[in-house]
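To start, the structure itself, in C-alpha cells.
Derivation of every value follows stated rules applied to the coordinates shown; laboratory data play no part. Fair warning: this is a prediction, and the values are worked out from it, not measured in the lab. Please note: Cβ atoms are built from the backbone with ideal geometry, for glycine as well, and neighbour counts cover all protein chains shown.
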Amino acid sequence: MPITSFAEFAQRVDYSLLDGLKADPQASGDGRDHQPRQVFSGHYVPVTPTPLPAPEFVAHSSALFQELGLGEALAHDEYFLRLFSGDINVATGSMRPYGWATGYALSIYGSEYIQQCPFGTGNGYGDGRAISVFEGLFNGRRWELQLKGGGPTPYCRGADGRAVLRSSVREFLAQEFMHALGVPTSRSLTLYVSGAETVRRPWYAPGSQSFDPDILVNNPAAITTRVAPSFLRVGQLELFARRVRRQAHPEALNELRMIVAHLIERNYRQEIDPALPFSEQVVRLAGLFRARLIGLVAHWMRVGYCQGNFNSDNCAAGGYTLDYGPFGFCELFDPSFQPWTGGGEHFSFFNQPQAAEANYQMFWAALRPLLAGNNEALARLDQIREGFAAAMQQELEAMWASKLGLASYNANLVNELLELMLKSQADYTIFFRRLSDIPATIAEQLSALKLSFYEPSSEVLDRQWSGWLQRWRALIGDLQATSAAMQRMNPAVTWREWLIAPAYEQAARGDYTLIQELQGLFSHPYRSPAAELATTYDRLKPREFFNAGGVSHYSCSS
C-alpha cells in the first residue's frame with residue numbers, strides 16, 4: 001500500500017550518515033548554524049533549513065513518488081509540504097529536528113583550489129544552500145532527500161542560501177528527463193515556491209545578446225528536493241585526503257577511512273563483499289567507480305548533455321549526474337559546445353572525458369593514503385588509474401557504435417560523420433533520430449536528414465552525404481531491426497533552453513501548465529511526440545535564439 005500520511009512517511013527514516021559519521025565538534029547542538037565559518041573536522045554540520053514563507057506547490061515527480069511508494073496526494077499534505085519547503089519543525093517520531101550540510105574540496109582539472117573559500121584555507125567550502133533533511137528506506141532502497149535552496153549553512157560564503165524559481169524549474173525537469181533518458185542521475189521529488197519571498201540575482205534583459213548578465217531581476221524563491229542514494233562527492237573524499245596530507249588534526253586519517261567506508265556502504269555494497277579486507281574493498285571501489293564514471297560520460301555524449309562545470313565537487317562518488325546548475329544540451333552540433341559562461345572550453349561537450357579523468361585522478365589520490373604501506377594494493381590501484389583513458393575510449397567507441405546501429409566501432413566512418421555534421425550544421429538530436437528511421441533508399445534518407453540542417457545543403461555536400469550513407473548502410477545489416485535498436489539509443493526529443501525559458505517565466509506568474517507539459521514530454525523521450533507537440537518540440541532552434549543571453553548561454557545566477 002502506498003504511503004499516504006506524513007506520519008507513515010516519517011517511519012521510513014534511517015540515518016546512516018548521521019549515525020555512522022562524525023559531526024563537526026564545533027557545531028551548535030540545535031542546528032542554528034547559519035553564518036559563514038570555517039569547519040576544521042567532522043563529516044557534516046547539523047543545520048536547520050530556513051522555511052519558505054507562504055509555500056505553494058509547483059510540481060512533483062509521479063514516477064519517483066511511485067518508486068518510493070508514496071501516494072500522489074502526499075505532495076499536497078500540509079506537513080509534507082512544510083518539510084520540503086524548509087520547515088523542519090514538523091519532524092516527528094524518529095526524525096531529527098535538523099538537517100545536515102557537508103564540506104568538500106574543489107579541484108579543477110586536477111588542480112586544487114582554495115580561492116573560492118572566503119577564509120583562504122578551503123575550510124569554508126561545501127554545501128552553501130543544499131541541506132539534507134531526510135534519509136530513509138523506501139521499498140528496500142536507501143535514499144537521501146536534500147533541499148536545494150533551503151537557506152544558508154556555515155558553507156554559504158555570505159550568500160543567502162536561496163535558489164530562484166528559474167534554476168529550480170530547470171533542475172526539477174532536468175533530473176527526471178535524464179532519468180527517462182536512461183542516464184544515471186539524482187532525481188527530483190518536489191518543487192515548491194514562495195508566494196511571499198523573492199531574491200535578486202543578475203540575469204539577462206529581454207532580447208539581450210550580452211555574454212554576461214546585464215540586469216538585476218527579482219525572482220520568486222523556491223526549493224526543489226533532489227533525491228539520490230547519497231550526495232557524496234569526489235570533492236568530499238578529496239577534502240579529507242588533503243587534511244591527511246597536511247596533518248590537519250589527529251583524526252584526519254580516521255575520518256578519511258570513515259567516509260570511504262560510508263561511500264562503499266551507501267553506493268557499492270551490493271558489489272563489494274563486506275568480509276573482504278578493507279584494503280581490498282578500497283581497490284575494488286576504485287575499479288567500480290572508474291567503470292561507473294566512464295559509463296556516465298558516455299551516456300552524456302550519447303544524449304548530447306554537457307555538464308558545463310565538471311569539477312570534483314560536482315562529481316558524485318556514486319557515479320551519477322549530480323549538479324544541474326551550469327548544464328545544457330547540444331542543439332547545433334559543436335564539439336566545443338559550452339552553455340555556461342563561466343565554464344570555458346575545458347568543460348565543453350567533447351572535453352567531458354578529459355574532465356572525468358581529471359576528477360578520477362583526485363579520487364585515486366584521495367584513496368592512496370588508506371593503502372600506505374601496502375605496496376601490492378597500491379600497485380593495483382595505480383594500474384586502475386593508468387587504465388582510465390583506454391577504458392574511456394573503449395566505452396566511447398561502443399557508444400558511437402550503438403548510436404549508429406553498428407556491430408563494432410568504425411573510426412573512419414564516425415570521424416567522417418562528425419565532419420559532415422559540422423559542415424552541414426546539423427542538429428545533434430534531430431540528426432541522429434532521422435538517421436535512425438532508415439527508409440528504403442539513400443535518397444529518402446538524405447532528404448530526411450536535411451531536416452536537421454541549420455544551413456541549406458549543396459551538391460558537393462549531398463554527394464558526400466550519399467557516399468557516407470552508402471558505406472554506413474552496407475555495414476548495418478537488417479534495416480528494420482537496426483532502426484528499432486537505434487531509436488532506443490537516440491531520443492526523439494531533447495532539452496531546448498528556448499522552450500524551457502517560457503515554462504519558468506510563466507511559473508513566476510503562477511502558471512505551471514508548461515511545466516506539466518514538459519514533464520509529460522520528457523517522461524518518454526524515445527517516443528515520437530504526438531503531432532501537436534512535435535510542431536513545438538521537434539524542430540530546429542529559431543535563429544533569434546542564437547547568441548541570446550539566458551538561452552544560448554547563461555551564467556550560474558541561480
Suppose we keep just the alpha-carbon trace of the chain; what are its Rg and Dmax in angstrom? 23.9, 74
From the C-alpha gyration tensor of the stretch 6-230, pull out the three semi-axes of the equivalent ellipsoid (sqrt of 5λ each), sorted largest to smallest, in whole Å. 26, 24, 18
Nonlocal amide H pairs with Ser210, under 5 Å, H built at 1.01 Å: Gly549
Rule-of-thumb check for the stretch 87-130: C-alpha Rg over 2.2 N^0.38 Å? 1.66
Which Rg and Dmax, in Å, describe the Cα atoms of the stretch 128-217? 16.0, 50
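For Leu533 and Gln115, what is the calculated FRET efficiency with R₀ set at 45 Å and r taken between the beta-carbons, to the nearest 0.05? Provide the component values of the computation, followed by the final result.
Numbers: r = 46 Å, r/R0 = 1.02.
According to the calculation, E is roughly 0.45.
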Between the stretch 438-460 and the stretch 188-220, how far is it from one alpha carbon centroid to the other, in angstrom? 40
Between 0 and 90°, nearest 10: helix 234-245 axis offset from the chain longest Cα axis: 50
Provide the FRET efficiency to the nearest 0.05 for the Thr92-Gln26 pair, computing r from the beta carbons and using R0 = 30 Å. 0.55
Proximal aspartates and glutamates to Lys450, defined as alpha-carbon separation beneath 16 angstrom and excluding residues fewer than eight positions away on the same chain: Glu331, Glu419, Asp427, Asp437, Glu459, Asp462, Asp538
Projected label distance in nm at Ala275 and Ile215, using a 7 Å step from Cα toward the beta-carbon: 6.7
Out of every Cα pair in the stretch 303-422, what percent are spaced more than 20 Å from each other? 54
For the stretch 462-557, which chymotrypsin sites (Phe, Trp or Tyr not before Pro) are in a loop by DSSP, counting at most 16 other Cβ atoms within 10 Å? Tyr526, Phe546
So for the stretch 406-487, averaging the separation of alpha carbon pairs under 8 Å that are six or more residues apart and normalising by length, what relative contact order in percent results? 38
Applying the Karplus parametrisation 6.51 cos²θ - 1.76 cosθ + 1.60 with θ = phi - 60° to the phi angles of the stretch 251-266, what ³J(HN,Hα) value in whole Hz is obtained for each residue in order, glycine and proline being reported as x? 9, 4, 5, 5, 5, 5, 4, 4, 6, 5, 4, 5, 4, 4, 5, 7
In terms of Cα to Cα distance under 30 Å, which lysines are near enough to Lys22, apart from those fewer than 8 places away along the same chain? Lys148
A correct Stokes-Einstein calculation for the stretch 204-286, using the alpha-carbon Kirkwood radius, 10 °C and 1.306 mPa s, returns a whole-number D in µm² s⁻¹ of 96
Whole percent per 10 Å bin, from 0 to the bin with the longest distance: what is P(r) over all C-alpha pairs of the stretch 160-301? 10, 25, 27, 24, 12, 2, 0
Sequence-distant or interchain residues sharing an amide H contact under 5 Å with Val199, placed H: which? Asn219, Ala221
First select every other residue whose beta carbon is under 15 angstrom from the beta carbon of Glu78; then total the charges, Lys and Arg +1, Asp and Glu -1. -3
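Could you list Leu479, Leu17, Leu378 so that the one with the fewest beta carbons within 10 Å of its beta carbon is first and the one with the most is last?
Numbers: Leu479 14, Leu17 20, Leu378 17.
Ranked by crowding around the Cβ, least crowded first: Leu479, Leu378, Leu17.
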Report P(r) for the stretch 406-487: all Cα-Cα distances, bin width 10 Å, range 0 to the bin holding the largest distance, values in whole percent. 17, 57, 25, 1
